[in-house]
There are 4 protein chains.
Amino acid sequence: MIVNMAVNATEAEISHVVTRIKECGCQAHLSRGEERTIVGVVGKGDKHRSELEALRSAPGVEEIIYISHPFKLASRDFHPQGSIVELGKGVAIGGTEVVVAAGPCAVESPEQIDAVAESVAQAGAKLLRGGAFKPRSSPYSFQGLGEEGLRLLRRAADNNGLQVVSEVMDPSQVEIMLPYVDVLQVGARNMQNYHLLRALGEVTKPVLLKRGMSATIEELLLSAEYIMAGGNYGVILCERGIRTFDNYMRNTMDIAAIPVIQQLSHLPVVADPSHGTGRRDKVAPLARAAVAAGADGLLIEVHPDPERALSDGAQSLYSNQFAELMDDLRVIAPAVGREIEPMPIEPRAARG
Amino acid sequence: MIVNMAVNATEAEISHVVTRIKECGCQAHLSRGEERTIVGVVGKGDKHRSELEALRSAPGVEEIIYISHPFKLASRDFHPQGSIVELGKGVAIGGTEVVVAAGPCAVESPEQIDAVAESVAQAGAKLLRGGAFKPRSSPYSFQGLGEEGLRLLRRAADNNGLQVVSEVMDPSQVEIMLPYVDVLQVGARNMQNYHLLRALGEVTKPVLLKRGMSATIEELLLSAEYIMAGGNYGVILCERGIRTFDNYMRNTMDIAAIPVIQQLSHLPVVADPSHGTGRRDKVAPLARAAVAAGADGLLIEVHPDPERALSDGAQSLYSNQFAELMDDLRVIAPAVGREIEPMPIEPRAARG
Amino acid sequence: MIVNMAVNATEAEISHVVTRIKECGCQAHLSRGEERTIVGVVGKGDKHRSELEALRSAPGVEEIIYISHPFKLASRDFHPQGSIVELGKGVAIGGTEVVVAAGPCAVESPEQIDAVAESVAQAGAKLLRGGAFKPRSSPYSFQGLGEEGLRLLRRAADNNGLQVVSEVMDPSQVEIMLPYVDVLQVGARNMQNYHLLRALGEVTKPVLLKRGMSATIEELLLSAEYIMAGGNYGVILCERGIRTFDNYMRNTMDIAAIPVIQQLSHLPVVADPSHGTGRRDKVAPLARAAVAAGADGLLIEVHPDPERALSDGAQSLYSNQFAELMDDLRVIAPAVGREIEPMPIEPRAARG
Amino acid sequence: MIVNMAVNATEAEISHVVTRIKECGCQAHLSRGEERTIVGVVGKGDKHRSELEALRSAPGVEEIIYISHPFKLASRDFHPQGSIVELGKGVAIGGTEVVVAAGPCAVESPEQIDAVAESVAQAGAKLLRGGAFKPRSSPYSFQGLGEEGLRLLRRAADNNGLQVVSEVMDPSQVEIMLPYVDVLQVGARNMQNYHLLRALGEVTKPVLLKRGMSATIEELLLSAEYIMAGGNYGVILCERGIRTFDNYMRNTMDIAAIPVIQQLSHLPVVADPSHGTGRRDKVAPLARAAVAAGADGLLIEVHPDPERALSDGAQSLYSNQFAELMDDLRVIAPAVGREIEPMPIEPRAARG
């Protein structure tokens, strides 16, 4: 940490800062320039972090500058070669394969989820996504099928050789969900729900953590740190669009976040262009962009009949659109040294 | 709801939209202009809200425009004259008095909370604020004293004629907190924690709901709606700064949100310039601005020794700064037809 | 400047950075911590500023941190006691008086500007504002009356004891405007039009420089520096709302920018709540907030018949609303040690 | 245009709105719902645009909703099949080829620009970029070589079979630049410099118009409209990153803007990942993403010795990095039905 003193800071003010740093168990290194003095803080001072931070408003202080990241376990320094997270049944994310999770926003019925599972598996998805507990901004909207939805999701996934990812909204749901899912998803609105993060730190299944809609990358990694500090190192990060002044799209996908996260952290990172755009016809261009930028995977909403979906219909792909997208991604992946496995059952011509 | 068709929309596309609207139990009113056709949707279609929304991505549709608010109970139309929320012991917010809650970020010790309580009561605060459960972005920071903190807070408040407001982070804490607090505060990061909002809908004590750092005012009012839909109408809204490109301050206080909320909703609205600025020397200017813009109250962080605070020291006022601020606010309040009660015990001169 | 090396930076990478710093004519001070090395750059290196900045992407560099402001003349350090800018005929901004400029968005006709000038002078304004050259986002909108507009503006101002402020859009207009105006206004969209800024540096009349809608305060002060570097020290800064995710208002007024600018710079700062909100009924609350936060002045749009204005009608006050606002501001000003001169001609009751 | 009346609007308020609409030469169509009344405005009312807009603040009006775009010539409806802009010597943008412009931020010397021109031509670029007049946020930075820079740029381009694009900052520079350049570039800070836009409307060479850093796509297209309304239809749009809360990158590239612009407008759109990221190691991922999202071209900063560049060194690629990027783009282009011509002279192996 560096304390940047104001140009007109007095000796007494500098001296006060130095004293406080020492009282916090750290050493203070003064560097007196022509214009101003800066004070380097050496030592960890972990117990006194808040007191050091309070110096920001001390008399004569212009600003405090942090030179180290507040996250440790999530940092690439902790695991320089990059983590591969195992999702079960041979599916792993963070390696050369671009792993795609696809499915509806919410599980609505056996027919719906079975149809989606079959089509996305055939197109090359490795995970089935679908919500059983839905966070809706209005209390009057469809809130999900609950445990019955999880049962349907699991069955459809198993019948099609897929693994399952689904959103957990509250610590009380963790136990209910564990028998049904392979990956627990934390939604953007819960990225800083610390009770939930702590609960997930005690689980042995991987967590897919979505970036909050106005979270910095540092804050995203601090939330990952909460989970990892509890002992669960299987964290997958997800860029899903941020809130900006631009309101043509629902969100602005921060594609640059993908290589930035890969620089700062060893954790795999996926992109969710469905929520990132909010419009069906923009999902494919942004999915292609995410893979071209180096994403380890994708989360795509697919519905057999989007116009009758109980949620997110406007951003859900039709099954055939998803299959076409997967074919396009297979062209792009080699440009970033990645691959997407070919369709397991039959060639594209058969989709016709 | 209005469906704005693209200029080049075909008759088949328009016809499809009309059919879908009717299938959703609504009527479609076509208005064909020289340039384009717009389709008005008449009827509630509550059960089919998602299907109507999915028309946003239907072929030939340019956009969907909502003409009514998605919140009802929180709307000013529901209660045109404005709500006054009773906080107990004669304190009420939403009337002519500007009600001020003050205190430390976190309860740290009996000495600390007793000293703050005495000083803020003397300066004219009506509520004592202080956290017992702390949401911290780092898992390694001080997380609060828990129930012991609540006990100390209550005692300090009672000894100084104050009511208590404190933050609840998880549904599991509601029961623990109820005996100690008069107002339950929901932090900005939990504004869309729907489990928590639903739990607070069943409580009979008022809730102070902070705006999320990138929440629109509509989203804030939808979160209030969650609480009110559960039966708890005692909701107080709070502007505490939003996240913008400007990073000199921790947040950008959206002072205009105060009169906007008062136009759209009947609920009282307060401002939190401590979190809104993050810097001690900017708290007073923004507190004055909030009252001048018509805020019903303020939330101010005060600490007897901010440089040794366990959290938020940089944005906490010294006790004498708080007293001076209260005096300035007493000058401003009449300009907006409000008042702040005089100091109960002794005149300002005695502070010297 | 400080170069923060990555945790895994090699000795060769550190050595390369040190070499480059020396080649740029500066000294490099290494500070090797337990975790990482930081390199302090001592010396100005003004000629090599770009080369030093390029180190940001050098191998092993995590980030570059600037510890001094890039502006000098605009800095408070340059003139600690604060500048008072003389606007002619005894009007000065930056002292104890809150100076208000009022008038229409655009000069439309003699009748219109005469009516406004009389009403705002009577209510206590000291400057008449009005555009003769209008920057309009659409090429099909009203573009102003040109020099004829300036003539009308000057005459109306002189007849009512007011000074004149009007917007200059292009260097070619400076000569035309000088005979008519006392203050040259630079609009938000031109804040970084460096040709215009340089032209204004050679003028001897004050410049009112509006903050760009996504400009940081540092960028605003750098634009002021352009004008001042040319020799014109009479710069007045103006907060007029920034662009954020919130789209209920046209802009988000950054009220905190007022005290922040006063801390970083000695230049006076005014607020423009008309553009800052875009809605007539929000102008007064934000004008009051700006004065309560310490603004040195205000810019308010007033029109005798806003519903028939050729521009900005929705955000223009009726004359009587402006007079009421001025009365409210007179109540608030003393809370910040300021004053607004009483109406020169007749008491408020006469407005009835 | 639709006027959405408030729920509690009175008959007198509705009647006033209707009267005003008629006075503006339009018809008013009332639609009375259960909850509220909406008023459709039929007719163009072009002369009364501002008066119609002023209804936004009329009593009883909740909001005004625009249902048609304010731009005409730039709209895709005007030219549904998409425009191809000819840049001379057989280079055209908007067709199947992805056209790449590359070169330094600023022309610095004959040696520098000759070296860059040769390397980027060999790698497959079709245009040479380079600034002769530099908009710098600090008045103390390098401001460009002026006309001499243009001469060097032209010569280097001609020697390597490239066309030239360079930035124009002021109407006074247009005449000087025309003999040297094939495309006139308008920088992000000048996107709403209407004097400049109007001057470029009278030129017969294409204009590359960069999106302002907080401009909406509608505003970008309105600025294109300014140029086109003057008769110059050769406009190329450019996404170069927007300003958001995220400050890890210099800007946030809005990759979704590429397909959005292609939907709303017939004009070609290119991406500038150099300014969009500000960091050398992020340029390639974002360039790949832009092409994968469907960009018609790219603008890439390349410098033979970035660490000694007089500007933008941190975001300039080394020549070999640019050649590798071009190879990767050749893999991606077919996924979007595009192509990039192969290197004209020798195969990649020779770069070694």
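Quick look at the values:
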item	result
Some residue of the stretch C:298-305 being touching an Asp or Glu at 6+ places or on another chain (Cβ under 6 Å) and within 14 Å of chain D (Cβ to nearest Cβ)	yes
Every residue from the stretch A:265-274 that is out of contact with any helix residue (DSSP H, G or I) (no Cβ under 6 Å at 6 or more places or on another chain) and either within 13 Å of chain B (Cβ to nearest Cβ) or among the acidic types (Asp, Glu) (or both)	A:272
Members of the stretch A:94-114 found to be more than 22 Å from residue A:169 (Cα to Cα) and of a type in the set (Ser, Thr, Tyr), listed by number	A:96
Qualifying positions in the stretch C:110-121 - crowded, with 20+ Cβ neighbours inside 10 Å and not hydrophobic (A, V, I, L, M, F, W, C)	C:112, C:119
Leading residue by the ranking (surrounded by the most Cβ atoms within 10 Å (Cβ to Cβ)) among those in the stretch B:45-89 that are farther than 23 Å from residue D:67 by Cβ and modelled with pLDDT under 90	B:50
Neighbours by Cβ (under 6 Å, 6+ apart or cross-chain): first from the stretch B:45-74, on the phi > 0 side of the Ramachandran plot; second hydrophobic (A, V, I, L, M, F, W, C)	B:45/B:24; B:45/B:26; B:45/B:52; B:60/B:5; B:60/B:6; B:60/B:9
Selection count, the stretch B:279-333, where residues are in a helix (DSSP H, G or I), modelled with pLDDT of 95 or more and charged (D, E, K, R)	8
When residues of the stretch C:223-252 are limited to those that are of a type in the set (Ser, Thr, Tyr) and modelled with pLDDT of 95 or more, the one farthest from residue D:213 (Cα to Cα)	C:233
Filter pass, residue C:254 being charged (D, E, K, R) and either over 17 Å from residue C:133 (Cβ atoms) or within 16 Å of the chain's Cα centre (by Cα) (or both)	yes
In the stretch A:14-36, residue nearest to the other protein chains (Cβ to nearest Cβ) [restricted to those that are basic (Lys, Arg) and more than 25 Å from residue C:27 (Cα to Cα)]	A:20
Exclusive hit being touching a Cys at 6+ places or on another chain (Cβ under 8 Å) and more than 8 Å from every other protein chain (Cβ to nearest Cβ), set A:43, A:82, A:95	A:43
Residue within the stretch D:1-23 that is of a type in the set (Ser, Thr, Tyr), part of a loop (DSSP other than H, G, I, E, B) and touching a residue at least 60 places away in the same chain (Cβ under 8 Å) present	no
Hits in the stretch A:275-292 (condition: more than 7 Å from chain D (Cβ to nearest Cβ), over 15 Å from residue A:326 (Cβ atoms) and either of a type outside the set (Gly, Ala, Ser) or surrounded by fewer than 24 Cβ atoms within 10 Å (Cβ to Cβ) (or both))	A:275, A:278, A:279, A:280, A:281
Residues within the stretch A:293-305 that are touching a helix residue (DSSP H, G or I) at 6+ places or on another chain (Cβ under 6 Å) and either without any contact (Cβ under 8 Å) to a residue 60 or more places away in the chain or surrounded by fewer than 24 Cβ atoms within 10 Å (Cβ to Cβ) (or both), tallied	3
Residues of the stretch B:144-168 classified as modelled with pLDDT under 95 and buried (at least 16 other Cβ atoms within 10 Å of the Cβ), total	2
Of the criteria (1) part of a helix (DSSP H, G or I); (2) closer than 25 Å to residue B:170 by Cβ, which one residue A:144 fails	(1)
Residues of the stretch D:259-269 that turn out to be in contact with a Leu (Cβ under 7 Å, 6 or more places away or on another chain) and surrounded by fewer than 24 Cβ atoms within 10 Å (Cβ to Cβ), as a count	1
Candidate set: the stretch D:306-328, residues that are among the acidic types (Asp, Glu) and in contact (Cβ under 8 Å) with a residue 24 or more places away in the chain; chosen: the one nearest to residue A:276 (Cα to Cα)	D:328
Residue in the stretch B:213-227 that is acidic (Asp, Glu), surrounded by 22 or more Cβ atoms within 10 Å (Cβ to Cβ) and more than 26 Å from residue A:142 (Cα to Cα) present	no
Odd one out for residue A:107, checked against (1) closer than 16 Å to residue A:325 by Cα; (2) crowded, with 24+ Cβ neighbours inside 10 Å	(1)
Search result, residues across the stretch C:306-337 that are within 14 Å of chain D (Cβ to nearest Cβ) and of a type in the set (Gly, Ala, Ser)	C:309, C:311, C:313, C:314, C:316
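Conditions tested, residue by residue: (1) without any contact (Cβ under 8 Å) to a residue 60 or more places away in the chain; (2) more than 27 Å from residue B:333 (Cα to Cα).
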position	(1), (2)
B:215	yes, yes
B:220	yes, no
B:226	yes, yes
B:231	yes, yes
B:235	no, no
B:259	yes, no
B:271	yes, no
B:290	yes, no
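Yes or no, residue by residue, for (1) touching an Asp or Glu at 6+ places or on another chain (Cβ under 8 Å); (2) more than 11 Å from chain A (Cβ to nearest Cβ):
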residue: B:5; (1), (2): yes, yes
residue: B:38; (1), (2): no, yes
residue: B:52; (1), (2): no, no
residue: B:58; (1), (2): yes, no
residue: B:71; (1), (2): yes, no
residue: B:105; (1), (2): yes, no
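The values are calculated or read from the model by the stated rules, or taken from the named source; none is laboratory data. Since the structure is predicted, the reported quantities are computational estimates derived from the model, not experimental observations. When we count neighbours, we look across all protein chains shown, and the Cβ atoms used for this are built from the backbone with ideal geometry, even at glycine.
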